[in-house]
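Accompanying notes for the structure given below.
The values are calculated or read from the model by the stated rules, or taken from the named source; none is laboratory data. Not measured: the values here are computed from a predicted model. Note that we place each Cβ from the backbone using ideal geometry, even for glycine, and neighbour counts take in every protein chain shown. The protein model used for the area step is the full one, side chains on, heavy atoms only, and it has no ligands, DNA or RNA in it. Shrake-Rupley method; radii C 1.70, N 1.55, O 1.52, S 1.80 Å.
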Amino acid sequence: MNLKHVICGLALLIGSVSASYSQQPYQPSPENLKNREWFDQSRFGVFIHWGVYSVLGDGEWVMNNQNISLDEYAMLPKFFNPISFDAKEWARLFKQAGAKYITFTTRHHDGFSMWNSQVSDYNVVKKSPFKRDIVKELVEACHAEGIKVMFYYSLLDWHRDDYLPVGKTGGGIAGRDSTKGDWNQYVQFMKNQLTELLSNYGEIDGIWFDGHWDKPNEDWHFKEIYELIHKLQPQCLVGNNHHLAPFEGEDFQMFERDLPGENTTGFGTKAHDVGKLPKEVCGTIAGSWGFELKDRTRKSFQEVLKYLVKAAGHGSNLLLNVGPMPNGEIQDYQQERLKELGKWLEVYGETIYGTEGGAVSPTDEYALTKRGNQVYLHVFKTDKKELSISNLPYQVKKVKTFIGNKEIKFSHKNNSLRLDLPSSSDEADLVLTLTIK
Ligand code: H79
């Protein structure tokens, strides 16, 4: 064997070692595991969908839905001048709401960046009269209130030519040049943007990807992208709204407009794809995510509260969305819902934050959360005088009202719990504390 062979052999050996190394299953770092724990205790975050689309008041999909051409849409940044935007005011509102974190749309499917990106001029500082780095202001204000920040980042892009050819959406958007499609360049662009977002804005506790489903069979280079994120900020949690079982390298699993295991939207995650990672359900206070002028679906306090409690009953966070207006204000009724939740959480937070889901899945009547040997039974507004829960695998020793500590009569036979509801059962959520063995 001559030297050339030895070198060749060595190169092969190193190659195969590094190849097998890179096929190692993902091992989350200690910082990451710690942050997953924090996330799993948080239970409540605020989602913010805000971009230049808000100007048209027709939701964040307006470019696609109205088949607006590239040139036409590119006029919107000129009209985006949110003079009433006050990040500190928003952060105070989120704090008041009892939210532990926010997730902000740094860039949605329209491809417009809400920060001073150095790798795309199509951003709020360079293209809008506002000229302020919204991401920066928001992160600073939230951190000052002790609220953690995650970034929504769209994988799908209706603006850039290198993303082309079009995927499942955006086919009606005129003015794009498919001959300029360059996938490797697009992937590199995303890495560059993520590097900016994770280098220039302090601690960022999660990246929330969306849009994979536009090109489900494309090679998204997720392994490299996730590794980059974890290298830049080890505690940063990666989630991807692909509606499938978690991919290698992800740290939490999200469920869009559905509780884990339910698929009422039809495009949601199937029950058998619900994994073991920390969970997050996302939903809206309005009908749509981004500001829609004619949005008449205004959820009541009762509705949003029920969603929060049911999510907690599934052992999941709720990420509840607001869609600020083009002037930078959050609509009054959305502010009210957040403040109402905050007031409720001030009293009942103990039954939500830091709990685990109950052994029985939530129904339209009730949800269970649990901490140690305390089980919190949330009974939603009802005129019934008694409640039964079958297949409850706890040994119940005592039942009391969470407020007032009044003992409640109950029977628990063959795993079937039956109890009398006190007269205050017309509350939005009557909470009973079950002490179990
Ligand atoms: O950011 C918000 C929405 O704009 C975004 N995700 C939330 C958090 C969102 N994108 N799509 N959807 C919500 C639902 C739309 C799904 C569909 Fe399809 C797109 C149905 C048909 C086209 C996905 C792709 C399912 C089938 C093909």
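Suppose R0 equals 45 Å. What FRET efficiency, 1/(1 + (r/R0)^6) with r the Cβ-Cβ distance, do Gln24 and Phe267 give to the nearest 0.05? For R0 = 45 Å, the calculated efficiency reads 0.85. Note on the stretch 44-87: percent of Cα-Cα distances in each 5 Å bin, starting at 0 and stopping at the bin with the largest distance, equals 5, 19, 27, 23, 13, 9, 3, 1. Of the residues Asn64, Phe44, Thr382, the one whose Cα sits farthest towards the positive end of the charge dipole of the chain is Thr382 (charges of +1 on Lys and Arg Cβ, -1 on Asp and Glu Cβ, taken about the Cα centre). Taking θ as phi - 60° and the Karplus parameters 6.51, -1.76 and 1.60, the scalar couplings of the stretch 168-178 work out to 6, 10, x, x, x, 7, 7, x, 9, 10, 5 Hz in sequence order, x denoting glycine and proline. With a Förster radius of 35 Å applied to the C-beta separation of Lys343 and Arg418, the computed FRET efficiency comes to 0.65. Beyond 20 Å between alpha-carbons counts as too far, so tell me which of Lys126/Lys168; Lys88/Lys131; Lys299/Lys343; Lys100/Lys310; Lys299/Lys381 fall in that bin. Result: Lys126/Lys168 exceed 20 Å.
Rounded to the nearest 20 debye, the dipole size of the stretch 42-105 about its Cα centre is 540 debye, using +1 on the Cβ of Lys and Arg and -1 on the Cβ of Asp and Glu. Expressed in units of 2.2 N^0.38 Å, where N is the residue count, the Cα radius of gyration of the stretch 349-437 is 0.97.
Bridge orientation summary for the stretch 268-403: considering DSSP beta bridges with both residues in this region, about 55 percent are antiparallel. Applying D = kT/(6 pi eta Rh) to the stretch 281-325, where Rh is the Kirkwood radius over alpha-carbon pairs, T corresponds to 4 °C and eta to 1.567 mPa s, the Stokes-Einstein value obtained is 118 µm²/s.
Of the trypsin sites (Lys or Arg not before Pro) found in the stretch 365-410, those in coil by DSSP whose Cβ has at most 15 other Cβ atoms within 10 Å are Lys381, Lys384, Lys385, Lys406, Lys409.
Restricting to Cα pairs below 8 Å that are 6+ residues apart, what does the relative contact order work out to for the chain? Please round to a whole percent. Relative contact order, the chain: 16 percent. In order along the stretch 330-341, phi translates into HN-Hα couplings of 9, 3, 3, 5, 6, 4, 4, 4, 5, 5, 5, 4 Hz, rounded to whole numbers, per the Karplus curve 6.51 cos²θ - 1.76 cosθ + 1.60 with θ = phi - 60° and x for Gly and Pro.
Shape of the stretch 124-182 from its Cα gyration tensor (a ≥ b ≥ c, root eigenvalues): rounded if a/c is under 1.5, otherwise prolate when a/b > b/c, or oblate? In terms of gyration-tensor shape, prolate. Towards the positive end of the charge dipole of the stretch 205-278, with charges on Cβ (+1 Lys, Arg; -1 Asp, Glu), say which of Trp208, Ile229, Leu259 has the farthest Cα. Result: Leu259. Taking 0.36 nm per residue of separation and subtracting the Cα-Cα distance, full extension of the segment from Asn192 to Asp121 would add 24.2 nm. Placing +1 on each Lys and Arg Cβ and -1 on each Asp and Glu Cβ, with no other charges, gives the chain a dipole about its Cα centre of roughly 1320 debye.
Helix 3-22 and the longest principal axis of the Cα set of the chain meet at an angle near 30°. Out of every Cα-Cα pair that the stretch 161-204 contains, those further apart than 17 angstrom amount to 47 percent.
Backbone phi angles across the stretch 366-378, fed through the Karplus curve with coefficients 6.51, -1.76 and 1.60 (θ = phi - 60°), yield HN-Hα couplings of 7, 8, 10, 10, 8, 9, x, 9, 9, 10, 9, 9, 9 Hz in residue order; Gly and Pro are listed as x. Per atom type, the stretch 90-211 shows carbon and sulfur on 46% of its accessible surface, probed at 1.4 Å. Reported to the nearest whole Å, the Cα centre-to-centre distance from the stretch 116-145 to the stretch 386-435 is 50. Restricting the calculation to Cα atoms, every distinct pair contributes to the Kirkwood radius of the chain, found to be 23.4 Å. Using a ≥ b ≥ c from the Cα gyration tensor of the stretch 46-175 (square roots of the eigenvalues), is it rounded, prolate or oblate, where a/c under 1.5 gives rounded and otherwise the larger of a/b and b/c decides, a/b for prolate? Verdict is prolate for the stretch 46-175. Structure remark: mean-square fluctuation, Gaussian network model of the chain, C-alpha springs under 10 Å; the largest value among Trp208, Trp50, Trp220 belongs to Trp220. The shape of the stretch 397-437 comes out prolate: with a ≥ b ≥ c from the C-alpha gyration tensor, a/c is at least 1.5 and a/b beats b/c. Distant-in-sequence amide contacts of Leu318, defined by a placed amide H-H separation under 5 Å and a gap of 5 or more residues or a different chain, comprise Phe44, Gly45, Val281. Residues in the chain average 44 Å² of solvent-accessible surface per residue, probe 1.4 Å, ligands and nucleic acids excluded. Taking every alpha-carbon pair within the stretch 255-372, the share separated by more than 21 Å comes to 40 percent. If the segment from Glu365 to Gln185 were pulled out straight at 0.36 nm per residue, it would be longer than the present Cα-Cα gap by 59.7 nm.
Under a 5 Å amide H cut-off, with hydrogens placed 1.01 Å from N, Thr284 pairs with Asn321 among residues at least 5 apart or on other chains. Against the main long axis of the alpha-carbon atoms of the chain, helix 222-232 sits at an angle near 80°. Comparing Gly328, Gly239, Leu345 along the charge dipole axis of the chain, the residue lying farthest to the positive side is Leu345, per the Cβ-charge model. Of all DSSP-defined beta bridges confined to the stretch 69-209, some 10% are antiparallel rather than parallel. Note on Thr435/Lys294: beta-carbon distance plugged into 1/(1 + (r/R0)^6) with R0 of 51 Å gives a FRET efficiency of 0.55.
Computed extension length for Lys168-Lys223: 17.5 nm, one decimal, from 0.36 nm per residue of separation with the Cα-Cα distance subtracted.
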